[in-house]
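Here is the structure we will look at, set down as structure tokens.
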Amino acid sequence: IAFDADPIVEQLADNEKMAVYRVVQEALTNVARHAQATQVRVAIRQTRVAVRLEISDDGKAFSLAQKEDSQQRLGLLGMQERVRLVNGTFHIDSREGKGTTVRVDLLLPRQAERQKRGLP
């Protein structure tokens, strides 16, 4: 597992830090149980408008439409719900031969305030 994080993560609110922690925890648990990956990368980076978390693996992919075991489905739903509760966005991409990537974006405070006001 390779881990890389910008210092911006320290500026997140406590509930956002907890959401990031729990998403990473669940994603790594899923990789260990299901992916048969040889490499995993966890990165937390500041973009122009958000803090972006990406967890990528080179393991076997899965179909989001396919019926997965209930524990895995609950894990994905739990990650989505945690991110939603801190007004973030959650995206998962899983492709055969490419592995799986979980991406979370949490708006920076300045951008979140602009969004509340209806500004770009």
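The values are calculated or read from the model by the stated rules, or taken from the named source; none is laboratory data. Just so we're clear, the structure is a prediction, and the values are computed from it rather than from any experiment. Note: ideal-geometry Cβ built from the backbone for every residue, glycine included; neighbour counts use all protein chains shown. The area values use the complete protein model at the heavy-atom level, side chains included, leaving out ligands, DNA and RNA. Shrake-Rupley method; radii C 1.70, N 1.55, O 1.52, S 1.80 Å.
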Worksheet item: When you scan region 13-37, how many residues do you find that are open to solvent by 70 Å² or more (accessible area, probe 1.4 Å) and over 16 Å from Phe62 (Cα atoms)?
Response: 6
Discussion item. Name the single residue that is modelled with the lowest pLDDT among those in region 69-82 being surrounded by 13 or more Cβ atoms within 10 Å (Cβ to Cβ) and over 20 Å from Ala13 (Cα atoms).
Written reply: Gln72
Practice prompt. Enumerate the pairs (first residue in region 17-42 and of a type in the set (Lys, Arg); second residue anywhere and exposed (fewer than 15 other Cβ atoms within 10 Å of the Cβ)) with beta-carbon separation below 7 Å, excluding pairs fewer than 6 apart on the same chain, so at least 6 apart or on different chains.
Written response: Arg41/Ala2
Fill in: Qualifying residue in region 56-68 (condition: open to solvent by 40 Å² or more (accessible area, probe 1.4 Å) and at pLDDT 95 or above)
yes
Worksheet, complete the sentence: Taking region 83-115 and keeping residues modelled with pLDDT of 95 or more, open to solvent by 80 Å² or more (accessible area, probe 1.4 Å) and either under 17 Å from Val42 (Cβ atoms) or part of a loop (DSSP other than H, G, I, E, B) (or both) leaves His91
Worksheet, complete the sentence: Every listed condition ((1) over 18 Å from Pro109 (Cβ atoms); (2) in a helix (DSSP H, G or I)) holds for Arg41 save (2)
Discussion item. Looking at region 38-55 only, could you name the residues that are at pLDDT 95 or above and open to solvent by 40 Å² or more (accessible area, probe 1.4 Å)?
Written reply: Thr38, Gln39, Arg41, Arg45, Arg52, Glu54
